[in-house]
Ligand code: NAD
């Protein structure tokens, strides 16, 4: 279980708290409210895996399907030691709202396995992934529930999921997962998509406040898929990245980092981020969040900004690359400080948007050029940003609640059209 934070809610309670506020503001009918509050299905699987040493170990895995109202379930699979059902349930609900915000025809789902991928060999990870998939094969499918990568999983994991599913259903069904390698029905631009979407949101906010990219100091926590891509793209675009961190710790340098060199250090040479030679000041990965900057991007994990530390956040724009990095108890402090929040269900929706493009391309059997993918992503993100900000300004709510209202309203309208099947 994730370490509980004194005085804070669990991740799911935190997600639910925002849903409650938005549902109240929207005046959601009680029946619709009840329907959307609960997931459609929660599955726990016990996964036997033969380890390389010949021993057998049972791992616990989950798949939560929150909603299929607007389309098949969509959501990543997380491999991490602190995965819990509560967390997967929250992440599944966020996927429903996220797909609603960017208006793509998916519902929400999420999966997770309690394991430490860094301690398992590649072949152990393959056996774990295949058995997890086999146990869920009846529930996955391009029209049912479509997984993708998340923390601890990657394009190789998705290739194994696709192959296992294909063996069971006896047809090469590439559209059953997204975030696959390019050689296996993956989409151009998917790897960078979440980071690119985060940057597009930042660009929009920077333009709104008439700031200049070159003058913006940016701190990014997390240097995985989301964090490293957003740092690379923003560095290329002229932003100054003054703080970076991963699970091993943080680095701060007010003159800015040469991000391609950091990337080569971490990914080319497999070295620890805080040991980067032209480094700067070493500090804790969480401590970095409290250094002054213009844009703060938590892109690692949940519960980083809490009621206990939100008063220390010192930025103009808080752009959530991770899911749930700010607890609901921290929302009011962030609001009182006048920080412009770009909430997770908007800011990191670039990943699921290009996953949607991947699903479309797989089903068409026709693939787009990277430029087309990026242009379409840009359109979706810019339009979603404008809608959220417009809603927030006209209804005098913060961007987070505006994004929830926009999404809940879209799901509610679809639900009303479908009616309740009894
Ligand atoms: P990842 O496993 O590729 O990278 C996670 C990064 O965070 C790593 O650099 C890791 O060292 C670091 N990290 C983990 N715990 C940390 C901690 N306590 N302090 C500092 N750094 C820490 O995962 P990812 O795919 O980049 O996902 C990161 C976040 O973004 C998650 O919340 C995920 O749900 C969310 N997200 C991911 C995608 C996607 O397309 N991958 C899409 C939307 C949202």
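Bear in mind that the values in this text are calculations on the coordinates, not laboratory data. Bear in mind that the values here come from a model prediction, so they are computed numbers and not experimental data. Note that each Cβ is placed from the backbone with ideal geometry, even for glycine, and that neighbours are counted across all protein chains shown.
Rounded to the nearest whole angstrom, the semi-axes of the ellipsoid equivalent to region 193-347, taken from the Cα gyration tensor as √(5λ), stand at 22, 17, 14, largest first.
Put a dot 7 Å past the Cα of residue 336, heading toward its Cβ, do the same for residue 360, and the two dots end up 4.4 nm apart. Using R0 = 25 Å, the C-beta based FRET efficiency linking residue 171 and residue 43 works out to 0.60. Computed extension gain for residue 123 through residue 390, at 0.36 nm per residue and net of the alpha carbon distance, reaches 91.2 nm. When peptides 340-349, 291-300, 44-53 are sorted by average Cβ neighbour count within 10 Å, with the highest value leading, the order is 340-349, 291-300, 44-53. Rg and Dmax of region 39-181, both derived from C-alpha coordinates alone, stand at 14.2, 48 Å.
When each of the peptides 10-20, 395-405 is scored by how many other beta carbons lie within 10 Å of its residues on average, the order from highest to lowest is 395-405, 10-20. If you average the C-alpha positions of region 268-299 and of region 64-83 separately, how far apart do those two centres end up, in angstrom? Their Cα centres are 30 Å away from one another.
Packing-based ranking of 26-35, 60-69 yields 60-69, 26-35, ordered from highest to lowest mean Cβ neighbour count within 10 Å.
Full extension of the chain between residue 212 and residue 254 yields a length gain of 13.4 nm, computed as 0.36 nm times the residue separation minus the alpha carbon distance. Inter-label distance, residue 57 to residue 144: 2.9 nm, where each label sits 7 Å from its Cα along the C-beta direction.
Beta bridges from DSSP with both residues in region 39-181: antiparallel share about 65 percent, rounded to the nearest 5. Hydrodynamic radius of the chain by the Kirkwood approach over all distinct alpha-carbon pairs: 21.6 Å.
Region 321-343 and region 347-422 have their alpha-carbon centroids 21 Å apart. For region 39-181, the relative contact order comes to 25 percent (Cα pairs under 8 Å, sequence separation of at least 6).
Under the criterion of Cα pairs below 8 Å and six or more residues apart, the relative contact order for the chain equals 17 percent.
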